[in-house]
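Colleague: Once you've had a glance at the structure underneath, I'll fire off some questions.
The values are calculated or read from the model by the stated rules, or taken from the named source; none is laboratory data. Small disclaimer: the values here were computed from a predicted structure and weren't measured. Cβ: placed from backbone, ideal geometry, glycine included. Neighbour counts: every protein chain shown.
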Amino acid sequence: MVAITNLHPVDEEQVGTNISKPVLGDIRKEWGWVKIGLEEILYADKTLTFRVEDVYALCVTDQAALWIADGGFCITTTEVDEFTSEKTLLLWLGWTPTRGNKVGLVHTQFFLDIAKENGYAKLELRSKIKEIGKYLIDAGWSIDTTIYSRRV
């Protein structure tokens, strides 16, 4: 496990509770540990086609935002519906060194507030992890689409 600097350590008894509010991070300053989290994400999901450097570039050019909380991160992007022009705040990538404690759900209201304040119509998250669906539905999320694919 890598030591994360400039962050307050997560007390194991507080995991899954609102222990810190997400703050915007500077990808240049946080790259050492964020890169490790991104590498873990890519290792776990071979269907993802981007490289860790692509995420870095999107953050540096303000096409994505790095949020830091509770020893982990979330990277958000904006998607615009080509037909309605409605904006969606996509919780694109999330990582924490602690798994299975629903840490991400703690910050849903924070991201809902950010989306509302900035004129977004929706908050969206995508995951290949089946188990997360139950937690999300129990927390007020709904399933819009399930995507199946087959390589040719």
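Colleague: On the basis of being in contact with a Leu (Cβ under 8 Å, 6 or more places away or on another chain), outside any strand (DSSP E or B) and surrounded by 14 or more Cβ atoms within 10 Å (Cβ to Cβ), does residue 91 make the cut?
Modeller: For residue 91, the condition - in contact with a Leu (Cβ under 8 Å, 6 or more places away or on another chain), outside any strand (DSSP E or B) and surrounded by 14 or more Cβ atoms within 10 Å (Cβ to Cβ) - is not met.
Colleague: Identify all residues within the range 1-52 that are at pLDDT 90 or above, charged (D, E, K, R) and in contact with a helix residue (DSSP H, G or I) (Cβ under 9 Å, 6 or more places away or on another chain); write none if there are none.
Modeller: Passing the criteria: 26, 28, 35, 39, 51.
Colleague: Just for the range 111-152: of the residues that are β-branched (Val, Ile, Thr) and assigned to a loop (DSSP other than H, G, I, E, B), which one is nearest to the chain's Cα centre (by Cα)?
Modeller: 129
Colleague: Right, next: Let me spell it out: the conditions are (1) surrounded by fewer than 11 Cβ atoms within 10 Å (Cβ to Cβ); (2) among the aliphatic types (A, V, I, L, M); (3) modelled with pLDDT of 80 or more, and residue 123 meets all of them except one. Which number is the exception?
Modeller: Going through the list (1) surrounded by fewer than 11 Cβ atoms within 10 Å (Cβ to Cβ); (2) among the aliphatic types (A, V, I, L, M); (3) modelled with pLDDT of 80 or more, residue 123 breaks only (1).
Colleague: Here is a follow-up. Tell me yes or no: at least one residue of the range 133-143 is closer than 19 Å to residue 63 by Cα and either of a type in the set (Gly, Ala, Ser) or at pLDDT 85 or above (or both).
Modeller: Scanning the range 133-143, I find no residue that is closer than 19 Å to residue 63 by Cα and either of a type in the set (Gly, Ala, Ser) or at pLDDT 85 or above (or both), so the answer is no.
Colleague: I've got another one for you. Restricting attention to the range 43-80, report how many residues are in contact with a Lys or Arg (Cβ under 8 Å, 6 or more places away or on another chain) and without any contact (Cβ under 8 Å) to a residue 40 or more places away in the chain.
Modeller: Of the residues in the range 43-80, 4 are in contact with a Lys or Arg (Cβ under 8 Å, 6 or more places away or on another chain) and without any contact (Cβ under 8 Å) to a residue 40 or more places away in the chain.
Colleague: For residue 85, state whether it is without any contact (Cβ under 8 Å) to a residue 24 or more places away in the chain and either under 23 Å from residue 21 (Cβ atoms) or surrounded by 10 or more Cβ atoms within 10 Å (Cβ to Cβ) (or both).
Modeller: So residue 85 fails the test.
Colleague: Does residue 56 satisfy being surrounded by 14 or more Cβ atoms within 10 Å (Cβ to Cβ) and within 17 Å of residue 41 (Cα to Cα)?
Modeller: yes
Colleague: In the range 94-105, what count of residues is obtained for those that are modelled with pLDDT of 80 or more, closer than 21 Å to residue 77 by Cβ and either of a type outside the set (Ser, Thr, Tyr) or not in a loop (DSSP other than H, G, I, E, B) (or both)?
Modeller: So the answer is 2.
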